[in-house]
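Asker: Take a look at the following structure, please.
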Amino acid sequence: MTQIASLVRRHWPMLVLCAFACWLIWPAPIGKMPLSQDHTVHVARAWMVGEELRGGHLSGWSSYWYFGFPVGELYPVLGDLFVALFRALSFGLLPWPRCYAFVFTIAYLLQGVAMLRISRATGLGVAPGFVGSLLLYLDPGVLREGGWAYTVHFGVWMQPVACVFVWWAFAELAIAVRTPLRPRALVGPIVLVALAMLAHPIALPMAAVGTMVMVIALGERPPHE
């Protein structure tokens, strides 16, 4: 009990944010997938990617949609791969919609967790990240403008995941440039940017703009920093 209490004291901001996020998207956290807008498209595509993986291929031609299309090639597949991985880890016992619901929940929670990490990594502490996460979750949103409506109702949940991966990568780089440079310190940011690229197309312009901003910011740093 003492260890649990200590864990709660150390990580209560993250636990509160996760509980709040679960409430916002309930009942997805217990395995009931959202059925609005693009969610059904995503779970269908994850199933098709899973069929390709079962055959030993990362992508291939599928005849399930339209007159056929190259599944796994026209759009980033990170979300599909995670759903297929979750299905595989359950040894095929969990149905695809339930696997999708769990992965969607994890992705939604990741936004708040990443904001907390970014706030700490940039030296701002916990409070700005906690407030930023709440504002992110409380944004009602509209189509094409993020927020709850875009992420949950319309089902474009891999876009904010790509965004937080890019933000997280630059936060880790901010730590790296404040300390003696070690090649190992660049592994994390590289992996995060790669995951973002596999998550949603928005990652490419975000990484490009973010790189320019960071180069300018580093150029403005006093020599003694």
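The values are calculated or read from the model by the stated rules, or taken from the named source; none is laboratory data. No experiment lies behind these values; they were computed from the predicted model shown. In this analysis, Cβ positions are derived from the backbone assuming ideal geometry, glycine residues included, and neighbour counts consider all displayed protein chains. To get the accessible areas, we keep the full protein, side chains included, count just its heavy atoms, and leave off ligands, DNA and RNA. Shrake-Rupley method; radii C 1.70, N 1.55, O 1.52, S 1.80 Å.
Asker: If residue 106 meets every condition in (1) crowded, with 20+ Cβ neighbours inside 10 Å; (2) under 30 Å from residue 127 (Cα atoms); (3) of a type in the set (A, V, I, L, M, F, W, C) apart from one, which number is that one?
Answerer: (1)
Asker: Turning to a different aspect of this structure: What tally of residues in segment 114-146 results from selecting those that are over 20 Å from residue 176 (Cα atoms) and modelled with pLDDT of 85 or more?
Answerer: Residues that pass the stated criteria total 13.
Table: residues versus (1) closer than 30 Å to residue 140 by Cβ; (2) modelled with pLDDT under 90; (3) not acidic (Asp, Glu).
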{"position": "9", "(1), (2), (3)": "no, yes, yes"}
{"position": "26", "(1), (2), (3)": "yes, no, yes"}
{"position": "34", "(1), (2), (3)": "yes, no, yes"}
{"position": "54", "(1), (2), (3)": "no, yes, yes"}
{"position": "61", "(1), (2), (3)": "no, yes, yes"}
{"position": "75", "(1), (2), (3)": "yes, yes, yes"}
{"position": "86", "(1), (2), (3)": "yes, no, yes"}
{"position": "94", "(1), (2), (3)": "no, no, yes"}
{"position": "104", "(1), (2), (3)": "yes, no, yes"}
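Asker: Hey, among the residues in segment 188-225 that are modelled with pLDDT under 80 and among the small types (Gly, Ala, Ser), which one's surrounded by the fewest Cβ atoms within 10 Å (Cβ to Cβ)?
Answerer: Going through the qualifying residues, I end up with 219.
Quick grid of which residues meet (1) in contact (Cβ under 8 Å) with a residue 12 or more places away in the chain; (2) over 30 Å from residue 33 (Cα atoms); (3) of a type in the set (A, V, I, L, M, F, W, C); (4) touching an Asp or Glu at 6+ places or on another chain (Cβ under 6 Å):
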{"position": "155", "(1), (2), (3), (4)": "yes, no, no, yes"}
{"position": "173", "(1), (2), (3), (4)": "yes, yes, yes, no"}
{"position": "180", "(1), (2), (3), (4)": "no, yes, no, no"}
{"position": "200", "(1), (2), (3), (4)": "yes, no, no, no"}
{"position": "204", "(1), (2), (3), (4)": "no, no, yes, no"}
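Asker: A further question on this structure: What's the total number of residues in segment 8-42 that are open to solvent by 20 Å² or more (accessible area, probe 1.4 Å), in a helix (DSSP H, G or I) and under 20 Å from residue 81 (Cα atoms)?
Answerer: The number of residues fulfilling the criteria is 4.
Asker: Of the residues that make up segment 49-62, is at least one part of a helix (DSSP H, G or I) and of a type in the set (A, V, I, L, M, F, W, C)?
Answerer: For segment 49-62, residues part of a helix (DSSP H, G or I) and of a type in the set (A, V, I, L, M, F, W, C): present.
Asker: So, residue 71, is that one in contact with a strand residue (DSSP E or B) (Cβ under 6 Å, 6 or more places away or on another chain) and at pLDDT 85 or above or not?
Answerer: So residue 71 fits the description; yes.
For every residue, the table says whether it meets (1) at pLDDT below 90; (2) more than 20 Å from residue 16 (Cα to Cα); (3) out of contact with any helix residue (DSSP H, G or I) (no Cβ under 7 Å at 6 or more places or on another chain); (4) open to solvent by less than 40 Å² (accessible area, probe 1.4 Å).
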{"site": "153", "(1), (2), (3), (4)": "no, yes, yes, no"}
{"site": "169", "(1), (2), (3), (4)": "no, yes, no, yes"}
{"site": "176", "(1), (2), (3), (4)": "yes, yes, no, yes"}
{"site": "183", "(1), (2), (3), (4)": "yes, yes, yes, no"}
{"site": "186", "(1), (2), (3), (4)": "yes, yes, no, no"}
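Asker: Residues 164, 126, 131: which one is aliphatic (A, V, I, L, M) and open to solvent by less than 20 Å² (accessible area, probe 1.4 Å)?
Answerer: Of the residues listed, the single one that is aliphatic (A, V, I, L, M) and open to solvent by less than 20 Å² (accessible area, probe 1.4 Å) is 164.
Asker: Can you tell me which residues in segment 69-122 are touching a residue at least 60 places away in the same chain (Cβ under 8 Å), β-branched (Val, Ile, Thr) and within 21 Å of residue 59 (Cβ to Cβ)?
Answerer: Within segment 69-122, 77 is the sole residue that qualifies.
Asker: Let me ask something additional. Return the residue satisfying two criteria in turn: it lies in segment 47-103 and is in contact with a Phe, Trp or Tyr (Cβ under 9 Å, 6 or more places away or on another chain), buried (at least 19 other Cβ atoms within 10 Å of the Cβ) and of a type in the set (Gly, Ala, Ser), and of such residues it is farthest from residue 27 (Cα to Cα).
Answerer: 50
Asker: If you don't mind, there's one more thing I want to ask. Would you mind stating whether residue 3 is within 20 Å of residue 154 (Cα to Cα) and either at pLDDT below 90 or open to solvent by 80 Å² or more (accessible area, probe 1.4 Å) (or both)?
Answerer: When the stated conditions are applied, residue 3 does not pass them.
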